[in-house]
Amino acid sequence: MDRCSGAEVEVRQAVAPCLRIVSSSRDSAEVTEALRTIIHYLEGGNASASEKAEFNRANYTRVLQVLVSSLSSDWFHSLPAQERRELWDGFFLRGPPDQALLVLLDTISSTSDGSGLDWTVSVLESFLSAGRVGMLLWSRCLETNGRPDSVQLRETILTRLSSLPDLTANRLRTNTPARLLPQQYYTDLARDVLNTLENTCRALRAGQDCSLGFVAQLLGKVCMQGHGELVCRTLAPRLSSLTRSDALWRRVSCKLLENVPDRWVESVITALIHHLHGASALSRVMGNLVLKNKKVQFVLTHKVLLLQYQHPTQLLRTVLGYLALDHDRRPLLKQVLRSVCQVWSNSSAVRHTSLDQQLYVSKALLLCVNLLNQTEIQELREELLQCMLGGVQCRLDSSTEHVRRMGMVVGECLSQKLDTPTSQLQFQVIFRKDFVFLIRMLSSYFPSDRPQPESSGQSAEGQSMMSQPPAASQTSAKPAGHSSDSELDSDDELTPYDMSADQVKQKATPPRYVRDCLEALMSSDDPERVELSLQTAEELLRKNVSTAREVSVQFSKVLLHLEDRYSTAGFHTLRQSAMVALAVIHTQPVVEYLTTEFYSLNYSLRQRLDILEVLALAAQELSEPITEKKAVSQPVARAVTLEQCGEVEHWRQVVEKRIQSKTRRISKGASQPPKAAPNRYAPVAAYFFFPLLRNYDRPQVTFDLLGSDHLVLGQLVHTLGLLMHLAVNAPVATQMGKALLDFVWAIRFHADQMVRRGVLFAVCAVFLSMPGENLLLELSDDLVETRAWLADVAESDPDADCRSLAVQSLVLLEKNLKTHLQSPSMET
Amino acid sequence: MVMARPPPDPLFTLRGSAAPVNTLQFHCSTAGRPLLYSGSEKGCVHVWNLNNRRAERVLEGHDGASVIWVSTVDSTDAFLSQGRDMRVCVWDLHEGRSAVTHSLRTGSVGFCQCSLLEAETNKTLLALPAEHTEEIKVMELASQTPVRSLIPDSKQGMLMCMKMFQAESGPLLCAGYEDGSVVLWDVSHGRPLSCLKAHPEPVMCLDFDTDRQKGISGSSDKTLTSWIIDSQQNLQMQNSVLLTNPGVSQLCIRADGKIVAAAGWDGNVRVFGWKRLKPLAVLQHHKDLVHSVAFSNHPEASQRLMAAGSKDQRISVWSIYSES
């Protein structure tokens, strides 16, 4: 104690006069001399260890502060660069790094622009490049229980270290050197952490205790601040390779993660998982942390799987594989499977979560099931079956095709795992390519499992080949006894005649009169005749308009009730185009007929949907100007049902836009203004529109629009929207818009996303087509509410299309508002 | 590239049968005038003289019931006709006579044609469809004694067509059935030797070439299938060819084994090389189904004609690939 206080007094007495000289003397030689005295106490100086320790403890910071304050003195400026580096910089680079760092950062944030600041920054740079941060970390590791650091100091250093780029950038702005930018700094920091861990390993081998507390906290804090990505990109691969061969490294890395405080552990773990490839790497780096730390357990078994869904499939594989790798962790896998099952089979989740999330959960489910072994599957069989049946059923009920397909694919895959080969669930659908990866989930983990189903598939295929009737060109099966070689080459002598006249013979001829065509469709039992009649129907009707008018309603009735008895190719398109032709040629009666039939008894959903499609297409055709050469297929392709128009149209639009933007049009003068023609749709729009709104709330025995038949409701709303949109500029548009808004207002919170999509589409159409002033007049009471509703949908609807449509409506509404508010001010 | 020759026109056409022509048979082997027999739907058999191209005689022996098969018997100079009145009539046509010497009752209500086999051993066998739709009866023609009854064990449906021929081991018979299978029968032992599922649809017609041990069958669909009998007397699929229009009512292999003709339901006669079923010609003349096609057995190769009988009541006679 005495010795210690002796050293204290001694050092203070030696340092104090020197400091006084440095701070007040004007003689640079004197100052240099004083500094050289103090240098002895730094690393590499010749003072005794106890004196150095005392200097570091009590005087170092003071010395640095004095040096900083001399930055603007004459002495500092008169110092040659070489000596300046030795006498000034040396103090910062050779003392305890934590104190130096604090002083440097304080200086940077408090000094104003000037050479002093520049110098300090360059010192900070050399501080970093000299590996002083590594020294700092390592010194913290060694303080296992020696000096009980003040919590405040520790916290301060942690904050400064973790946010150094922010602190410097705040002061230096665009002049920040590259080394102090996050990219470089955090990569270096990760390297320092690795070096520290390496030192730790070395020390542990030598029997020395170390504490990883500070490093772990630093790691946690950095990740928490969002730099986990940068740090782990360096850290994770290195850890993965080091832990592969060395058990001590494994212990150290587990210890490190254990020491990360709970509040930060999540960000560390997620960043780490993203950069560790493979379950075994994660297992090596993390050990059984998931069992020890509740927070980690929650993150890995719940949050990553069920609450988030932005992660790549690789991460799912890593996490689930990690749970499956160790015997102790397998119960967790089962627990995960149970909760995933619960979510997958939850019908509310199917309705209220986005498609991406459902896909993510499906992937997790299949991966989980694939990781289970046979006994575990048997153990969980009941629950899995329950999940499969419930989940598949509620997906099949969905009106979105994607969801249905997903249900079928996952159901098949599960059944493949659960059931005996004879009693497997099978759907007869041609799976789209976008679900192939789901199926792949099952196969990629156990390559040993694969050959078996493959070989059985091959043999089955072989059998079916055998049982098939002889194909057209079976030339291979030539017998040995009567091979053709022994025969004369008689065939080759005979030259064939011209056989081009050999054509497929058609028995029936297509009908030439509208009435013949109608007759054939109504009563013929000859498939060929019916097919030919159907094929020529549209052309005949359009050619013979006056005859077509005479039988238009009857023809429509026949077509509406026509069944595809002979599985005619393109039956639906042919029938639809014929019906559209009728509705265009003789609009009023045909449309009246169709709209009344829409709400009458004993029609199938398909027929009702057909009616809607025909009405929409006919309205579209009527609203377009008559062109010489009618592209028949074009409008059909454009106004197809909601389901089909999703992605196919999308890419086509993108391509078209791109072409448009790249095309330079040269012919400027030659283009003629389009000839004005009366809109044929405007006068008859009411016939299309209002009857469809008449009976929607009157449920019938076979048709309950507001109840279970929401598929038709969705299509109806969509069609109404389309009819509205086409009626732009028509006088009747205002009334139509009013009625449509009233109608959709009642069903805007419908549970089915197809209906909601239709509603938003209709709203968009109203905003587009209704004259601005009338719209605002109509909306005036509900304007605020409408906006709130649209904003809410735009933000939180699980369906992406709904969200974008809502945004679109909002934009349209704002535009309307703006023009309306501006125009009166201009008038006055 | 030389343009392919246009298909030939018929040499001449025989009109006057006044009914759809069901079956044809040439008779040119003996000295004297070459003849063509044709059986019509009205129950008449016309005997055409090919020199003056006129019907020499009309034989009526089936009470107006459709005649579905005619054949000459070389050994006894007799003539056979099979009608849908369930009878096969044996005619004596010597010296201007035209009398039915006797008739055999078949009991068959189907369309299957009989098949005649004149072996060297003076024993003429006739295979007839029988009362049970899948049964074949084989009888000795001279003594009218039944030799065998051939009934398949498995369900192959109605008997559709057959062809009897002489092999080293004895008479064999190929029969086509309703389910599309072709069965090879050993007539002397009355047992099936082999079965081949040649078509998915009923076998409508078949013909067999004894020199090459190779046969061909047609169906109501678009394929013609050829098959061979291997050394173990098993039927084996060999080759197949796709037609433009479905349905073949008769197939006939020319005696020299160079070509095979198919009577199509689309009114065309198609000619193929017999070796590899290479399509050679499509003869378009008839306006309705072609029911029958036959090659003449004229001793002079250049005089060997082909005749096709159609539902449009005409018989077209062609000379095709007869130059060499």
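Read-outs throughout are calculated quantities, based only on the coordinates presented, and are distinct from any laboratory measurement. Please read all numbers here as calculations on a predicted model, not as lab measurements. Here Cβ is always computed from backbone atoms with ideal geometry, including for glycine, and neighbour counts include all displayed protein chains.
At a Förster distance of 25 Å, what's the computed FRET efficiency of A:Asp113 paired with A:Glu143, Cβ-Cβ distance as r, to 0.05?
E(calc), rounded to 0.05, equals 0.10.
Select from A:Leu559, B:Pro7, A:Ala727 the residue farthest towards the positive end of the dipole of the protein assembly as shown; place +1 on Cβ of Lys and Arg, -1 on Cβ of Asp and Glu, and compute about the Cα centre.
Sorting the options by dipole projection puts first A:Ala727.
Going by amide H atoms built from the backbone, whose H comes under 5 Å of the H on B:His291, apart from near neighbours?
The answer is B:Gly309, B:Ser310, B:Lys311.
Take B:Ser292, B:Ser75 and order them by how many other Cβ atoms sit within 10 Å, fewest up front.
Listed from fewest to most nearby Cβ atoms, that is B:Ser75, B:Ser292.
Translational diffusion coefficient, Stokes-Einstein: compute it for chain B using the Kirkwood radius over C-alpha pairs as Rh, at 25 °C and 0.890 mPa s, and state it as an integer in µm² s⁻¹.
For these conditions, the coefficient is 124 µm²/s.
For a footprinting-style exposure proxy, rank B:Leu150, B:Leu159, A:Leu605 by other Cβ within 10 Å, fewest first.
A:Leu605, B:Leu150, B:Leu159
At A:Leu389 and A:His352, where each label point lies 7 Å from the Cα along Cα→Cβ, what is the point-to-point distance in nanometres?
Between A:Leu389 and A:His352, the simple spin-label model gives 2.6 nm.
For A:Glu592 and B:Arg33, FRET efficiency with R0 = 56 Å and r from the beta-carbon atoms, rounded to 0.05? Before the final figure, lay out the partial values.
Details: r = 78 Å, r/R0 = 1.40.
The formula returns an efficiency of 0.10 here.
Counting only DSSP beta bridges with both residues in the protein assembly as shown, tell me the antiparallel percent, nearest 5.
Numbers: 113 of 113 bridges.
Among the beta bridges of the protein assembly as shown, antiparallel pairing accounts for roughly 100 percent.
Lysines within cross-link reach of A:Lys675: Cα-Cα under 17 Å, excluding same-chain residues under 8 positions apart?
A:Lys629, A:Lys630
Enter the mean number of other protein chain beta carbons within 10 Å of the beta carbon of each residue in B:274-285, as an integer.
That average works out to 5.
With a cut-off of 8 Å between alpha carbons and a minimum separation of six or more residues, what is the relative contact order of segment A:219-273 in percent?
That works out to 62 percent.
Please provide three numbers in whole Å: the alpha-carbon extents of the protein assembly as shown along the principal axes, with the largest listed first.
162, 88, 64
What is chain B's relative contact order, in percent, from Cα pairs under 8 angstrom and six or more apart in sequence? Each step should come with its number before you reach the end.
Numbers: 913 pairs, mean separation 45.2, N = 324.
Dividing the mean separation by the residue count of chain B yields 14 percent.
Pop out the ³J(HN,Hα) list for segment A:127-133 in order, Karplus 6.51 cos²θ - 1.76 cosθ + 1.60 with θ = phi - 60°, rounded to Hz; leave Gly and Pro as x.
4, 5, 6, 7, x, 5, 5
If amide hydrogens are placed 1.01 Å from N in the peptide plane, which non-local residues have theirs closer than 5 Å to the one on B:Ala142?
Here the answer is B:Thr124, since their amide H atoms fall under 5 Å of that of B:Ala142.
Where does segment B:162-223 land on the Kirkwood hydrodynamic radius, alpha-carbon pairs, in angstrom?
11.8
Between A:Ser126 and A:Asp166, 0.36 nm times their residue separation minus their Cα-Cα distance comes to what?
12.6 nm
What residue among B:Thr13, B:Thr23, B:Thr223 shows peak mean-square fluctuation when chain B is described by a Gaussian network model with Cα springs under 10 Å?
B:Thr13
Write down, largest first, the equivalent ellipsoid semi-axes of segment B:18-105 in whole Å, where each equals the square root of 5 times an eigenvalue of the alpha-carbon gyration tensor.
Largest first, segment B:18-105 gives 19, 15, 10 Å.
Can you tell me how segment A:239-289 classifies by the Cα gyration tensor, rounded, prolate or oblate, using a/c under 1.5 as the rounded cut?
It comes out oblate by the Cα gyration axes.
Whole-Hz Karplus ³J(HN,Hα) for segment B:293-300, in order, using 6.51 cos²θ - 1.76 cosθ + 1.60 and θ = phi - 60°, x for Gly and Pro?
Coupling constants for segment B:293-300: 9, 8, 10, 7, 9, 4, x, 8 Hz.
For A:Ala800 and A:Ile377 in the same chain, what is the full-extension length gain: residue separation times 0.36 nm, less their Cα-Cα distance, in nm?
On the way: separation 423, 0.36 × 423 = 152.28 nm, distance 3.60 nm.
Additional length available on full extension: 148.7 nm.
Just tell me which aspartates and glutamates come within less than 19 Å, Cα to Cα, of A:Lys255; anything on the same chain fewer than 8 places away is out.
Filter leaves A:Glu143, A:Asp192, A:Glu198, A:Asp209, A:Asp246, A:Glu266, A:Asp326, A:Asp328.
At a threshold of 8 angstrom on Cα-Cα distance, excluding pairs fewer than six apart, so keeping six or more, what relative contact order does segment A:700-805 reach in percent?
30
At a 10 Å Cβ-Cβ cut-off, how would you order A:Asp797, A:Asp246, B:Asp63, fewest neighbours first?
Placing the least packed residue first, the sequence is B:Asp63, A:Asp246, A:Asp797.
Just how far, in whole angstrom, is segment B:89-149 from segment A:278-326 if you go by their alpha carbon centroids?
If we compute the Cα centre of each part, the gap is 87 Å.
Can you list residues from other chains, or at least 5 along the same chain, whose modelled amide H is less than 5 Å from the amide H of A:His277?
Amide H neighbours of A:His277: none.
In 10 Å bins starting at 0, how do the alpha-carbon pair distances of segment A:56-111 split up by percent?
Per 10 Å bin, starting at zero, the Cα-Cα P(r) for segment A:56-111 comes out as 23, 55, 22, 0 percent.
What whole-number distance in Å separates the alpha-carbon centres of segment A:85-158 and segment B:218-286?
Their Cα centres are 99 Å away from one another.
What ³J(HN,Hα) values, in whole Hz, does the Karplus curve 6.51 cos²θ - 1.76 cosθ + 1.60 give for segment A:179-194 when θ = phi - 60°, with x put for Gly and Pro?
Using θ = phi - 60°, the values come out as 5, 8, 7, x, 3, 6, 4, 6, 5, 4, 4, 4, 5, 4, 4, 4 Hz.
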